[in-house]
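Have a look at the structure below, then the notes.
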Amino acid sequence: MIKPVKANFWALVPLFIFLGIYLITSLIVKDFYKVPITVAFVISSVVAIGMTRGEKLSERVSRFSAGASDPNIMLMLWIFILAGSFAQSAKAMGAIDATVNLALQILPDNLLLGGIFIAACFISLSVGTSVGTIVALTPVAVGIADKTGVELPFMVAIVVGGAFFGDNLSFISDTTIAATKTQECQMKDKFKVNSMIVLPAALFVLIFYIIEGWHIQVRAHLAPIEWIKVIPYLVVLGTAIAGMNVMLVLLLGIGITGGIGLCNSSFDIFGYFGAMGNGITGMGELIVITLLAGGMLEMIRYNGGIAYIIERLTRRVNSKRLAELCIAGLVCLANLCTANNTIAIITTGPIARNIAGRFGVDKRKSASILDTFSCFVQGIIPYGAQMLIAAELAGISPLSIIRYLYYPILIGICGLLAILLRYPRHYS
């Protein structure tokens, strides 16, 4: 027999404990490295397992493990492993330095920030995945930050923000597919409404980056462009834009990097294997965090935490505006509890469709609200896959990136204004 999920506020306690230990403590002491995120997750996971009732300890641990080994979680882990292997082998071969030099010589100094943002937006819109975009561009952004003096968390945040542009709007994004399927509307219609809501945010952020980067100067002498070493990144970006699966993209990048590195004596076969091994082990903490998060969030769901959020938010809806706010709140809180925007949309989508039908909310608008607010939350939580892998590739704390995430924050603001001001008027 499967235990029915009943609404339960106390099921959210592990999430509060995690946020208190990691986020609030770090902000109070003003040191994002003081509390390791792994420790915060271990403590909250132990609480989640301990407070589950009606099962033996072995059964609770098995349920936690099932959440940790969810197919979506395991897919992310494979991407992390391949991303670490590619990033480190590309660095050892000299691909990252060569790509950075190319970008610095092609783009005027004062357009570097805007150029990186546009590149992230374009790639993510083409591939439909924020993770793939972050994997491809973060090492380049790190190299540019080193040679321009731009703060590293700021530069990484530009990539993360641009990555969510496509995650939100792309026709092949899993969030777009989930939002349109659950709301039963056409992708092109959702794209039209959604773009009207978030494009002002993208344009505003782009103008800001152009102004902010107006006085940037490359402080290091640029070496000649080594085109052969740029090939791995050109292939990775090109195949990603062409829509190839992100895992195949990374495998292809690893193979080409190894072939070029061995041919031009950047490393021998043992150096190549060693670089890949270092990249994989360097992802160890990220893998542990992802497994712990998946298990803890499954326990929250099983104990009724998400059901409680849904029940409370839908209790007093009595107008179209409140209905849209309720849909936004539902997907935000579900995303906070699952750390996966696609799962959050799938979880709350049927309820959102029911609310939209009862109060006359246009299904294209409800689909746009689901996608926009899920990307807003996913873009700013420090334990989301996108933030974790960006921080790991850059060697910084996820919390240090959050204050520079202008685009995800702005799409949340634009989404809220679209609800309050009944915009776009034709769909409201």
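The values are calculated or read from the model by the stated rules, or taken from the named source; none is laboratory data. As the structure is a prediction and not an experimental result, all values here were calculated from the model. Methodologically, a virtual Cβ is constructed for each residue, glycine included, from the backbone with ideal geometry; neighbour enumeration extends over all protein chains shown. The area values use the complete protein model at the heavy-atom level, side chains included, leaving out ligands, DNA and RNA. Shrake-Rupley method; radii C 1.70, N 1.55, O 1.52, S 1.80 Å.
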Residue ID - surrounded by the fewest Cβ atoms within 10 Å (Cβ to Cβ), chosen from residues in region 43-86 that are hydroxyl-bearing (Ser, Thr, Tyr) and in contact with a helix residue (DSSP H, G or I) (Cβ under 6 Å, 6 or more places away or on another chain): Thr52
If you scan region 266-322, which residues turn out to be farther than 20 Å from Asn340 by Cα and of a type in the set (S, T, N, Q)? Ser266, Asn278, Thr281, Thr314, Asn318, Ser319
Suppose the filter is open to solvent by less than 70 Å² (accessible area, probe 1.4 Å), under 22 Å from Pro382 (Cα atoms), of a type outside the set (Phe, Trp, Tyr) and in contact with a helix residue (DSSP H, G or I) (Cβ under 9 Å, 6 or more places away or on another chain); does Ser89 pass it? no
Run Ala145 past the list (1) part of a helix (DSSP H, G or I); (2) open to solvent by 10 Å² or more (accessible area, probe 1.4 Å); (3) farther than 16 Å from Ser170 by Cα and report the number of the one that doesn't hold. (2)
Answer with yes or no whether Pro408 is touching a helix residue (DSSP H, G or I) at 6+ places or on another chain (Cβ under 9 Å) and at pLDDT below 95. no
Restricting attention to region 276-288, report how many residues are aliphatic (A, V, I, L, M), open to solvent by 10 Å² or more (accessible area, probe 1.4 Å) and modelled with pLDDT under 90. 2
Do we find a residue being in contact with a Pro (Cβ under 9 Å, 6 or more places away or on another chain) and surrounded by fewer than 20 Cβ atoms within 10 Å (Cβ to Cβ) anywhere in region 289-299? no
Of the numbered conditions (1) crowded, with 21+ Cβ neighbours inside 10 Å; (2) modelled with pLDDT of 80 or more; (3) farther than 21 Å from Val377 by Cα, Ala157 satisfies every one except a single condition; which is it? (3)
For the list (1) without any contact (Cβ under 8 Å) to a residue 24 or more places away in the chain; (2) closer than 20 Å to Val156 by Cα, I need the number of the one condition that Tyr406 fails. (1)
Search result, residues across region 400-416 that are open to solvent by 10 Å² or more (accessible area, probe 1.4 Å) and among the hydrophobic types (A, V, I, L, M, F, W, C): Ile402, Ile409, Leu410, Ile413, Cys414, Leu416
Of the conditions (1) under 19 Å from the mean Cα position of the chain (by Cα); (2) of a type in the set (Phe, Trp, Tyr); (3) surrounded by fewer than 24 Cβ atoms within 10 Å (Cβ to Cβ), Phe208 satisfies every one except a single condition; which number is it? (1)
Answer with yes or no whether Leu102 is open to solvent by 10 Å² or more (accessible area, probe 1.4 Å) and under 18 Å from Met276 (Cα atoms). no
Suppose we filter Phe164, Phe154, Phe204 for residues that are on the phi < 0 side of the Ramachandran plot, touching a Pro at 6+ places or on another chain (Cβ under 6 Å), in contact (Cβ under 8 Å) with a residue 12 or more places away in the chain and in a helix (DSSP H, G or I); which single one remains? Phe164
